[in-house]
Every structure is written in structure tokens, then in C-alpha cells.
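Participant: Sharing a structure below in C-alpha cells format, with a few things to ask.
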Amino acid sequence: MAVATLEEALDKLVRGVTGKGAKYDAKHPTMVANFKAAFAKFGFSLGPVTSAAYERNTSGKGTTLERNAIDGAKRKWIPNYKAGLSV
């Protein structure tokens, strides 16, 4: 459905992001496995330091990522959109 105003578009964007943090956290085990598998395709095996750093920096971050995306959108999306329309 089309939106009539930028505020409606922003609300739609926020609704689309809401709840994605939990989805991110639920997929975390798969993300870790995919990260390791990607390096394995090129013949690399990750060491314990890299593996631990990846897990530490991605585990449980869904809520933070969701909150930051929503806060950032509310502060910057409309001004950035309008700036992109400038000729």
C-alpha cells in the first residue's frame, strides 16, 4: 500500500524493523556456523581468538541493533530522504 506522507513512510519503516532483534538473536547459531563455513570454503580454519571475538560481538545484539535502527530512523530518515531529493 502506498503512503501519502513521509511520516507514514517512516511509521511503516519502524513497523517493519520492530521485532527483528529477536529474529536476529534466534538466528545467531546459524550465523556463527555460516561465518566459519565461509572461511572454510577458502581453506581457512578460524582460530579460537577470532571465533570467540565473532561470537562475543554478535551474540545477544538483536535488541540493541533494533533499538538503534529505530532511533536512527526517527532522527535521520526524513531529513536524509529530503536531502536526497535536492537537485
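Please treat every number below as a calculation from the coordinates, not as lab data. None of the values given here were measured: they were computed from a predicted structure. Positions of Cβ are generated from backbone atoms using ideal geometry, with glycine treated the same way; all protein chains shown enter the neighbour counts.
Participant: List the residue pairs whose Cβ atoms are under 7 Å apart, where the first residue sits in region 1-30 and is in contact (Cβ under 8 Å) with a residue 24 or more places away in the chain, the second is of a type in the set (S, T, N, Q) and surrounded by 11 or more Cβ atoms within 10 Å (Cβ to Cβ), and the two are 6 or more positions apart or on different chains.
Facilitator: Matching pairs, first to second residue: Gly21/Thr63; His28/Thr58; His28/Ser59.
Participant: For region 54-84, which residues satisfy the criterion of being of a type in the set (A, V, I, L, M) and closer than 16 Å to Glu7 by Cβ?
Facilitator: Kept after step one, since they are of a type in the set (A, V, I, L, M), are these residues of region 54-84: 65, 69-70, 73, 78, 83.
Hits for region 54-84 are Ile70, Ala73, Ile78.
Participant: Please enumerate the residues belonging to region 69-87 that are assigned to a helix (DSSP H, G or I) and hydroxyl-bearing (Ser, Thr, Tyr).
Facilitator: Residue satisfying the conditions is Tyr81 alone.
Participant: Looking at (1) in a helix (DSSP H, G or I); (2) more than 15 Å from the chain's Cα centre (by Cα), find the lone condition where Val3 falls short.
Facilitator: Going through (1) in a helix (DSSP H, G or I); (2) more than 15 Å from the chain's Cα centre (by Cα) one by one, Val3 breaks only (1).
Participant: Are any residues in region 52-76 touching a helix residue (DSSP H, G or I) at 6+ places or on another chain (Cβ under 8 Å) and over 14 Å from Arg15 (Cα atoms), and if so, which ones? Before the answer, list the steps.
Facilitator: Taking region 52-76 first, the residues touching a helix residue (DSSP H, G or I) at 6+ places or on another chain (Cβ under 8 Å) are 54-55, 58-67, 69-70, 73-74.
Across region 52-76, the qualifying residues are Tyr54, Glu55, Thr58, Ser59, Gly60, Lys61, Gly62, Thr63, Thr64, Leu65.
Participant: A further question follows. If a residue has to be polar (S, T, N, Q), assigned to a helix (DSSP H, G or I) and farther than 21 Å from Lys23 by Cβ to count, how many in region 36-67 make the cut?
Facilitator: 2
Participant: Sort out which residues of region 63-87 are aliphatic (A, V, I, L, M) and more than 21 Å from the chain's Cα centre (by Cα), and write them in order of number.
Facilitator: Selection gives Ala83, Leu85, Val87.
Participant: Still on this model: Only one residue in Lys61, Lys20, Lys36 is in contact with an Asp or Glu (Cβ under 7 Å, 6 or more places away or on another chain) and surrounded by 12 or more Cβ atoms within 10 Å (Cβ to Cβ). Which one?
Facilitator: Lys20
Participant: Among residues belonging to region 39-55 that are surrounded by 11 or more Cβ atoms within 10 Å (Cβ to Cβ) and not aliphatic (A, V, I, L, M), point out the one that is farthest from His28 (Cα to Cα).
Facilitator: My answer is Phe44.
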